[in-house]
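A short worksheet on the structure shown next.
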Amino acid sequence: MDHSRAPVLEALEAFERRRDVVYGPPGHKQGRGADPRLVELIGEGVFTSDVLTLNGLDDRRESQGVVSQAEDLMADAVGAKKAFFSTCGSSLSVKAAMLSVAGPGEKLLVSRNAHKSVVAGVIVSGIEPVWVHPHFDEHLHLAHPPEPQDVRRALEQNPDAKGMLLISPTDWGTCADIAGTAEVCHEFGVPLIVDEAWGAHLPFHPDLPSWGMDAGADVVVTSVHKMGGAIEQSSVFHLQGDLVNPDVLKEREDLLGTTSSSALVYLTLDGWRRQMVEQGRELLGTALERAARVRTAVDGIDGLDLMGREVVRPQGAFDLDPLALTIDVRPLGISGYQAGDWLRANCHVDAGSADACRIGVRLTHADDDETENLLVESLQRMVAAARDGGIEHQPATELPTPTGLELRNAMTPREAFFGRVEQVPIQDAVGRVVAEMASPYPPGVPVLAPGEVVSQEVVDHLTTGVAAGMLVPDAADPSMKTLRVVAR
């Protein structure tokens, strides 16, 4: 295929040459009705590019196949049979992928370190999840993906399961054995869905961890806005094999997705694919060299503990994305929350994620010498401030034991979420069935999922965590003084 083409971009260029006058949405009419103060801030291009696909970039019948051509080019670029664009982010895409495999009352194996969007999909769909627990690193207090033998065990115990959903890479950059997991799933005749939201870059350089399609997964969902070059909410489904019907997947996406798809997302997805095919190996090669220099520099800063390939081992990670830097700050006597807040307030550096132990930063092909040096210098300044007492110590978060987050399930997430509930003091919730999600954010992996029985250990973790700076925005009471539980 001709990857020098970008069908969506070409359609926008044609639209602008024709000087079409639109008498439908969007109401700003290519920026003519936008507040000039807003245009001055974000630029005219945002509004002039905001054109409907239907009767805009394409005609009423979509006879030019503008988006479908771009999707075919994307599939070819990454070695998939089919690709579908989504403008609602992977939070929606992963729900559609789950619904294409299992329906209400049917079982789906789900890695328990899944993002809250996956748990939300289980709630909305009525799917019965079979949680496959990750491997908890007791030293790092971090979860690594389940291994193929964990999936085999779950399939043997649940032969009626319709498939498996695996997360790789994790929010902290550790990767699963996708090929081994796919082999197990296919042995049992079920598909493997990979939530590869953090892995859009993986197909485009051989020194990066295996890409889900290359490793045999049936459906891979990527968030191109995370590690790629497209704007927020850009997501792609990738499909291969015959275990998931592409028509069903498209139908499920249409069921959940917006009927007002953003051309801005389509444009940036199309442009990013062309850039990666033409320049991706070179750009990502430079990013990998940059990441290696940063890793060496951070390793040399006393007080910071950078996670490296020592975690690649049995019961640990299968691989590690070298562009994801996970930095433990506990040797400084501070939390990741404090480290992230200090960097933002004092260096105008925003870490991608933070928890009680660490911060996470990611490098992409967009970084340059200036951002590389700024990151290292800012980390050095932060360490100096911590050593000099410039970062006030906070009460410690009580961290869970290796099995502390493996809670007993009393009912399905849907039954608990939509059932009769009551709000009780959080200490009174111990032993009760939780009816809401409690997801420290970022990264947004639920500590509690509806249907699980609340333990004292989890209550202690959440309450001390909030006191130390943890954010739990999806809970009805983010202060964690109370919790929604199933009514007796």
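Structure notes:
Listed here are the residues, each with its yes/no results for (1) charged (D, E, K, R); (2) under 29 Å from THR222 (Cβ atoms).
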{"residue": "LYS29", "(1), (2)": "yes, no"}
{"residue": "ARG37", "(1), (2)": "yes, no"}
{"residue": "VAL46", "(1), (2)": "no, yes"}
{"residue": "VAL51", "(1), (2)": "no, yes"}
{"residue": "ASP58", "(1), (2)": "yes, yes"}
{"residue": "MET74", "(1), (2)": "no, yes"}
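- So PRO159, is it outside any strand (DSSP E or B) and under 21 Å from the mean Cα position of the chain (by Cα): no
- Looking across VAL224, VAL244, VAL236, one residue alone is touching a strand residue (DSSP E or B) at 6+ places or on another chain (Cβ under 9 Å), modelled with pLDDT of 95 or more and over 20 Å from LEU208 (Cβ atoms). It is VAL244.
- Options VAL361, VAL421: the member that is of a type in the set (Val, Ile, Thr) and closer than 30 Å to HIS225 by Cα: VAL361
- Identity of the residue in the stretch 346-405, hydroxyl-bearing (Ser, Thr, Tyr) and without any contact (Cβ under 8 Å) to a residue 40 or more places away in the chain, that ends up surrounded by the fewest Cβ atoms within 10 Å (Cβ to Cβ): THR371
- Helices (runs of 4 or more DSSP H) (entirely within the stretch 1-96) containing at least 1 residues that are assigned by TED's automatic domain parsing to the domain that holds HIS238 and either touching a residue at least 60 places away in the same chain (Cβ under 8 Å) or of a type in the set (Val, Ile, Thr) (or both): 66-78
- All helices (runs of 4 or more DSSP H) inside the stretch 311-429 with 1 or more residues being among the β-branched types (Val, Ile, Thr) and either touching a Pro at 6+ places or on another chain (Cβ under 8 Å) or outside the structural domain of ILE123 (by TED's automatic domain parsing) (or both): 369-387
- For VAL130, the test of being at pLDDT 95 or above, among the β-branched types (Val, Ile, Thr), outside any helix (DSSP H, G or I) and over 19 Å from the mean Cα position of the chain (by Cα) is passed.
The values are calculated or read from the model by the stated rules, or taken from the named source; none is laboratory data. Given the structure is predicted, the values throughout are model-derived calculations rather than measurements. Neighbour counts run over all protein chains shown; Cβ positions are idealised from the backbone, glycine included.
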